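Beneath this line is the structure, given in structure tokens, with notes to follow.
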Amino acid sequence: MKKKLVINKKLIITITSVVCAVAILSVSLFFILKKEEQHLSEKYRFTDGIHDLTAPEANGFIVENGKSDYKILIPNEPDSNEVIAESELRYFFEEATGVKLTTVTESEEGFSHSAEGKYISIGETKMLESAKLDLKREVIGSQGVRIVTKDNNIYLIGKSSIGTLNSVYSLLNILFDYEQFAYDCFTLNKSNNVKLRDFNVIDVPDIEYRASASRLTENNPNNLEYRLRTVTWNEFFLPIGDLENTEYGAFEHVVHNTSNVIPRGAPTSRENWFSNQSGEGPDNTQLCYTARGNKEDYEALVERIAYVLERSLIRYTPDKYPLRNIIAFTHEDNSSVMCRCDSCIKAEEKYGAPSGVAIVLSNDVMKKLQEWMNKPENAQYKREDLRLVFFAYASFVEAPAHYDEEQGKYVINHPDLQMRDDVGVFYAISGGLSYQQNIYCEDSKEGVENSLKWFDISPSVYLWTYDANFGNFLFRTAGTNFYDTDAYQFFARGKAKMMFKQSTMPGANVTSFQMLDIYLDSKMQWDTTQDINELTQRWFDAMFREASDVMFDLYVQQNNRAIIIAYETAKIAQTGIINYSIGREYWQYEMLNDWLNKIDQARELVEKYKVSDPSLYKVLKEHIDTEWVCPAYHMLAYNSNNLSDARYNEMAMYFKTEISQLRDFQFSEKSPNMISSWSASLSLR
């Protein structure tokens, strides 16, 4: 059965008679928006991607009759990414072929390319240099893949070592159809004979930095982050903070960090540097980006910020941290205390949006920072591609731009707002987009327009989007409606350099279906033209084997239920961050019982592996059990009176014994309670 994602736009919706009115509303909305959606999706279709996977079979074999003459070649001093690349290639090659490749390091005199050689060269080897290949470094960017065959040798390379690591997974995909679905689940084809390929691969991700969508990948079990070809932003964001004033709460942080750079109350700070809202006390740490209009204090603010950033450049030198080329100087996570002094109000009137002051300050700070880096004595700290980004978030989300008919694009409202090439925007779309509907729906028009403004006026755009109901982490959002091809194409067309999709947290404890969201996000950000339905089918087949169809049916029902709840609670049109609880009235016994029966059916379908393949059974059972948590919790919490004592006790004990040993789950962002503590408190009856 070919599986399809459940999204209103494609009319794939199955609901009970209780919610027929909702279905009619959904279908009506579809017909109203269909024409406009099609028009806009075509208008903002991304067409500039490079995904050339040329690799025809060549003469010769890499593996023949279960044997191979090939060796892995790495540089004399491989960096951490090249070490992982070698390890991953060796591991998966053996998984696919049974062959244990030997790894060699270049000798002092180095290796030279030879037509007789049989090497898989990883990274910046001397053999690569001697091969004189056209590596297309100017095209592939920091994350892209280049794989080239010359004679019998295969070269894996990226502009950075992250790109080199990505190239290993591309090689494995081409040779063995390798695919990673979760930290404990991958597939590949096995063979005793592997033909040599005439590789001429250039594969460049549509969105350069595909920031991990969950803390699961930050914890990186089994190299999941790398295998999904995502990157935690700690890899490329420079930590910043005034470590000279740690006693005032300053420490290094990569986002929401203005108070770490300029700690209030420190001897180096001035009162005019801080917002005039919510009183004058030390709890108010938001900055005044105009220094209350005091020229001397403003110049001192620019100097101090630049100084603190210089200290970070000294601590994290380019030779040791070559990827940390982004400084996110971003305001604190509380928009209600942004400054409203006379100077800030006048600036807003002048620039047409509160965010104008962030652009001006960023330009001035970056000018100072570049002057410092250009001094001969600071040459060792200079980064050629350093970029400073500010938050377009909350009070600063609106872009100070308007549409110019003659130029056919959005332009800045005032000459002061011309952003330097080394300044960009970190656009956290916390409002304006309805994350439960297609991106081109009526409710998202404001967010789409504002996004287009930032795309047009900023030299680079880094995205922070949302896919979590912060009021209920256990259940799905209707985010499947939003995160389809249209959304990824739109963001890629905007030349977004990074996309971070904030998912349910704490991300280390995601359910299987939440892992699907992470998997799809990693795939679609790399190549926005991929078929989400095909990716989804492949994921379900890998994660659940014989139980694939049953679990997909459960997934369909839960997606539809999320849509229905969004309609019934009038949250479907909510733009920005989704944060609402789902009360008792939405967890009917019959629905939950049906979901639990599907879970039982899925368990029965994989039961045969309990004896024939215990390791596989354990993995499949865990995948299914993580989806038992949500309906089982809501059944015990809201429908315990409908359960017999025997069934109640059985479910309670399963929480106490099986689930508590599996993973822990948090109820919501604000709730300190976890499934483990809740289940421990259950009394048997």
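The values are calculated or read from the model by the stated rules, or taken from the named source; none is laboratory data. This structure is a prediction, so every number in the text was calculated from the model and none was measured. Every residue, glycine as well, gets a Cβ built from its backbone with ideal geometry; the counts of neighbours run over all protein chains shown.
Scanning region 44-81 for residues that are over 25 Å from the mean Cα position of the chain (by Cα) and of a type in the set (Lys, Arg), we see that the one that is farthest from residue 488 (Cα to Cα) is 67. Residue-level check: of (1) surrounded by 20 or more Cβ atoms within 10 Å (Cβ to Cβ); (2) touching an Asp or Glu at 6+ places or on another chain (Cβ under 9 Å); (3) not assigned by TED's automatic domain parsing to the domain that holds residue 464, residue 562 misses just (2).
Of all the listed residues (292, 304, 340), the sole one being at pLDDT below 95, closer than 22 Å to residue 270 by Cα and more than 32 Å from the chain's Cα centre (by Cα) is 340.
Name the residues in region 387-406 that are over 24 Å from residue 345 (Cβ atoms) and either touching a helix residue (DSSP H, G or I) at 6+ places or on another chain (Cβ under 9 Å) or aliphatic (A, V, I, L, M) (or both), would you?
387, 388, 389, 403
The set of residues in region 415-425 that are loosely packed, with under 15 Cβ neighbours inside 10 Å and not in a helix (DSSP H, G or I) comprises 418, 421.
Out of curiosity, is residue 568 over 26 Å from residue 654 (Cα atoms), surrounded by fewer than 20 Cβ atoms within 10 Å (Cβ to Cβ) and of a type in the set (D, E, K, R)? Yes: the conditions hold for residue 568. Among the residues of region 208-223, none qualifies, meaning not one is modelled with pLDDT of 95 or more and acidic (Asp, Glu). Residues in region 414-456 that are within 18 Å of residue 356 (Cα to Cα) and more than 24 Å from the chain's Cα centre (by Cα): 8 in all. If you go through region 144-160 and pick out every residue that is outside any strand (DSSP E or B) and more than 20 Å from residue 523 (Cα to Cα), you end up with 4. Evaluate region 132-140: report whether one residue or more is buried (at least 18 other Cβ atoms within 10 Å of the Cβ), under 23 Å from the mean Cα position of the chain (by Cα) and closer than 26 Å to residue 208 by Cα. Yes - at least one qualifying residue is present in region 132-140. Applying the selection to region 638-685, what residues are without any contact (Cβ under 8 Å) to a residue 12 or more places away in the chain and within 22 Å of residue 468 (Cα to Cα)? Result: 671, 672, 673, 674.
No other residue among 83, 6, 22 is at pLDDT below 95, in a helix (DSSP H, G or I) and surrounded by 12 or more Cβ atoms within 10 Å (Cβ to Cβ) apart from 22.
Looking at region 301-316, can you tell me whether even one residue there is farther than 18 Å from residue 362 by Cβ, aromatic (Phe, Trp, Tyr) and in contact (Cβ under 8 Å) with a residue 12 or more places away in the chain? Looking for residues that are farther than 18 Å from residue 362 by Cβ, aromatic (Phe, Trp, Tyr) and in contact (Cβ under 8 Å) with a residue 12 or more places away in the chain, one finds at least one in region 301-316, hence yes. Looking across region 82-91, the residues that are farther than 30 Å from residue 491 by Cα and among the hydrophobic types (A, V, I, L, M, F, W, C) come down to 83, 84, 89. Within region 81-112, the only residue that satisfies the criterion of being touching an Asp or Glu at 6+ places or on another chain (Cβ under 7 Å) and either in contact (Cβ under 8 Å) with a residue 40 or more places away in the chain or of a type in the set (Ser, Thr, Tyr) (or both) is 103.
In summary, helices (runs of 4 or more DSSP H) completely within region 440-537 and bearing 1 or more residues that are touching a residue at least 40 places away in the same chain (Cβ under 8 Å) and within 30 Å of residue 554 (Cα to Cα) occur at 485-493, 512-526.
Assess whether residue 398 counts as being on the phi < 0 side of the Ramachandran plot, in contact (Cβ under 8 Å) with a residue 12 or more places away in the chain and not in a helix (DSSP H, G or I). So residue 398 fits the description; yes. Considering only residues in region 610-629 that are of a type outside the set (A, V, I, L, M, F, W, C) and in contact (Cβ under 8 Å) with a residue 40 or more places away in the chain, the one that is surrounded by the most Cβ atoms within 10 Å (Cβ to Cβ) turns out to be 623.
When region 180-197 is limited to residues that are within 22 Å of the chain's Cα centre (by Cα) and either without any contact (Cβ under 8 Å) to a residue 12 or more places away in the chain or not in a loop (DSSP other than H, G, I, E, B) (or both), the one that is surrounded by the fewest Cβ atoms within 10 Å (Cβ to Cβ) turns out to be 186. When residue 309 is tested against (1) buried (at least 20 other Cβ atoms within 10 Å of the Cβ); (2) not in a helix (DSSP H, G or I), only condition (2) is not met. Among the residues making up region 362-388, a single one is over 19 Å from residue 314 (Cα atoms) and buried (at least 22 other Cβ atoms within 10 Å of the Cβ): 362. Does region 260-268 include one or more residues that are more than 32 Å from the chain's Cα centre (by Cα), buried (at least 18 other Cβ atoms within 10 Å of the Cβ) and either outside the structural domain of residue 344 (by TED's automatic domain parsing) or of a type in the set (S, T, N, Q) (or both)? Within region 260-268, not a single residue is more than 32 Å from the chain's Cα centre (by Cα), buried (at least 18 other Cβ atoms within 10 Å of the Cβ) and either outside the structural domain of residue 344 (by TED's automatic domain parsing) or of a type in the set (S, T, N, Q) (or both).
Looking only at region 335-356, which residues are part of a loop (DSSP other than H, G, I, E, B) and free of Cβ contacts under 8 Å to residues at least 60 places away in the same chain? Break it down stepwise before answering.
Residues of region 335-356 part of a loop (DSSP other than H, G, I, E, B): 338-341, 352-355.
The answer is 354, 355.
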